[in-house]
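Quick notes on the structure that follows.
The values are calculated or read from the model by the stated rules, or taken from the named source; none is laboratory data. It should be emphasised that the depicted structure is a prediction, and the values quoted were computed from it without experimental measurement. No Cβ is skipped: glycine too gets one built from the backbone with ideal geometry, and neighbour counts run over all protein chains shown. Surface accessibility is based on the protein's heavy atoms, side chains included, excluding ligands, DNA and RNA. Shrake-Rupley method; radii C 1.70, N 1.55, O 1.52, S 1.80 Å.
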Amino acid sequence: ARHVLAQSTERPTAAASGWRARVRGAGRLCQLCDWAPGMENGARVLVVGSGGREHALAWKLAQSPRVGAVLVAPGNGGTAGDAGGKVHNAALDVSKNDVVVSFCRAEGVELVCVGPEIPLVNGLGDALREAGILCFGPSAAAARLEGSKAFSKDFMVRNGVPTAEHKAFSDFHAAKAYVLGLPESHKVVVKASGLAAGKGVILPETHEEAIAALEQIMVAKEFGEEAGAEVVVEELLEGPEASVFAFSDGKSVHLLPAAQDHKRIFDGDLGPNTGGMGAYCPAPVLTPDLEALVRETVVQRSVDAAAAEGFPFVGLLYCGLMLTPQGPKLLEYNCRFGDPETQAVLMLLETDLYKIMHACAAGNLASAGPIRCFPNSSAATVVLASAGYPGSYPKGAKITGVEEAQISAGVKIFHAGTVRKDGDLFTAGGRGLGG
């Protein structure tokens, strides 16, 4: 059959966003069917980010028969050419929203999935939606749930989401006085309020260590000027932790199987916190009864409250939980997929990820149909990191054996801090590989 392209005066709108709306507005849509040049191979998707999480997202999106190409900006040494050549890296300055929007228009991108938190906090989701481009990721207003721990804790309290007792401080001396006034038996957690790449949480054993943590965050600014402008001091909760991922269209939610990650650098839960050294899924500590309780009192309650306060949450809501003897309590929100839990969780997802993300971004999660994971399955990921991480570490070490490691059935190596030079693979960050 021949396609007949005709000019059209119809213009794309936010409600009719994506590739089809833009080519229709440009007069490049066939009069006879829903086709445009370049659509033979399916939708083009942009994944923003460069870590193991983004590699896993691109790999899973590329499995969709609806997807023709996945572009990863900036990507890493493993994303380029993955999934049989369906995944490509894009040299793009993702810190500039207008540059990303222009790239999406030029490349006919149908959907954008934003991996890391910083672009979301900086309003990339807003810029894309204003341009009529579907985005799986929240607005800057909704991303405050991760961008400011002080804001998120206040949000939890005023909306009845169970969490730890806490106080926020922007003055070091006030925070120090508060800690010194606590009973010696009262252990606390000290958190940088702003974004700190998952490393701004310190678990002191004594009040002296708590004050040292305050100095580290607020005075020395070891996690950055903005991250250390405010701290949250909260009670230390006891119990197993669990990470819950929930798809949301701003109204309804769907929970994926719970995961558990390992944050500290050494075995035996020892050493400083990292961005995450490994994870497994599903986590049996979150029983079906507890999952139902979390869905109602944490996830759905949070999504309902965000909508009621004027910033509907669209995308992936991550809830970090402590399962205390008094019931599940929320430690923190993330406004995106967690890393490295994503690498384990997506191994179990059976339903088309593109279909789910598209439905959420379009505001109708139910249109994705039933969301299923492979039955009776489990997955785990272990991170291979550079010596010295999470402190200073060398870069440029050659990596070998990746292809051999993936020969076994069910094994996939996801790249994070890697780069390819002249066909060889080298380290380019603290966390190099996960699989």
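Residue check: His262 meets all listed conditions (1) open to solvent by less than 30 Å² (accessible area, probe 1.4 Å); (2) assigned to a strand (DSSP E or B); (3) not β-branched (Val, Ile, Thr) but one, namely (1). Among residues that are within 20 Å of Lys153 (Cβ to Cβ), open to solvent by 60 Å² or more (accessible area, probe 1.4 Å) and not β-branched (Val, Ile, Thr), Ala210 is not included. When the test is whether a residue is β-branched (Val, Ile, Thr), more than 22 Å from His358 (Cα to Cα) and open to solvent by less than 70 Å² (accessible area, probe 1.4 Å), Val179 passes it.
Scanning region 403-435 for residues that are small (Gly, Ala, Ser) and in contact with a Lys or Arg (Cβ under 8 Å, 6 or more places away or on another chain), which turns out surrounded by the fewest Cβ atoms within 10 Å (Cβ to Cβ)? By that ranking, first place goes to Gly435. Looking only at region 386-402, filter to residues that are open to solvent by less than 50 Å² (accessible area, probe 1.4 Å) and in contact with a Phe, Trp or Tyr (Cβ under 8 Å, 6 or more places away or on another chain); which one of those is nearest to Gly198 (Cα to Cα)? Looking at the filtered set, the residue picked out is Ser386.
Within region 30-57, residues that are more than 14 Å from Ala69 (Cα to Cα) and of a type in the set (A, V, I, L, M) sit with their Cβ atoms under 6 Å from residues that are at pLDDT below 95 and assigned to a helix (DSSP H, G or I), at 6+ positions apart or across chains, in these pairs: Ala36/Val23. Scanning region 74-93 for residues that are touching a residue at least 24 places away in the same chain (Cβ under 8 Å), assigned to a loop (DSSP other than H, G, I, E, B) and either aromatic (Phe, Trp, Tyr) or open to solvent by 30 Å² or more (accessible area, probe 1.4 Å) (or both) yields Ala80, Lys86.
Every condition in (1) farther than 25 Å from Gly410 by Cβ; (2) open to solvent by less than 10 Å² (accessible area, probe 1.4 Å); (3) in a strand (DSSP E or B); (4) of a type outside the set (Gly, Ala, Ser) holds for Val298 except the one numbered (3).
Looking for whichever is open to solvent by 10 Å² or more (accessible area, probe 1.4 Å) and in a helix (DSSP H, G or I) here; the options are Leu346, Leu290, Leu286, Leu323. Which one fits? Every option except Leu290 fails the conditions. Among the residues of region 403-411, is there at least one that is within 30 Å of Ala196 (Cα to Cα) and either touching a helix residue (DSSP H, G or I) at 6+ places or on another chain (Cβ under 8 Å) or modelled with pLDDT of 95 or more (or both)? No, region 403-411 contains no residue that is within 30 Å of Ala196 (Cα to Cα) and either touching a helix residue (DSSP H, G or I) at 6+ places or on another chain (Cβ under 8 Å) or modelled with pLDDT of 95 or more (or both). Against the conditions (1) open to solvent by less than 20 Å² (accessible area, probe 1.4 Å); (2) closer than 30 Å to Ala307 by Cα, Ala229 satisfies every one except (1). Within region 358-377, residues that are within 11 Å of Pro257 (Cβ to Cβ) and open to solvent by less than 50 Å² (accessible area, probe 1.4 Å) sit with their Cβ atoms under 8 Å from residues that are part of a loop (DSSP other than H, G, I, E, B) and acidic (Asp, Glu), at 6+ positions apart or across chains, in these pairs: Cys373/Glu350.
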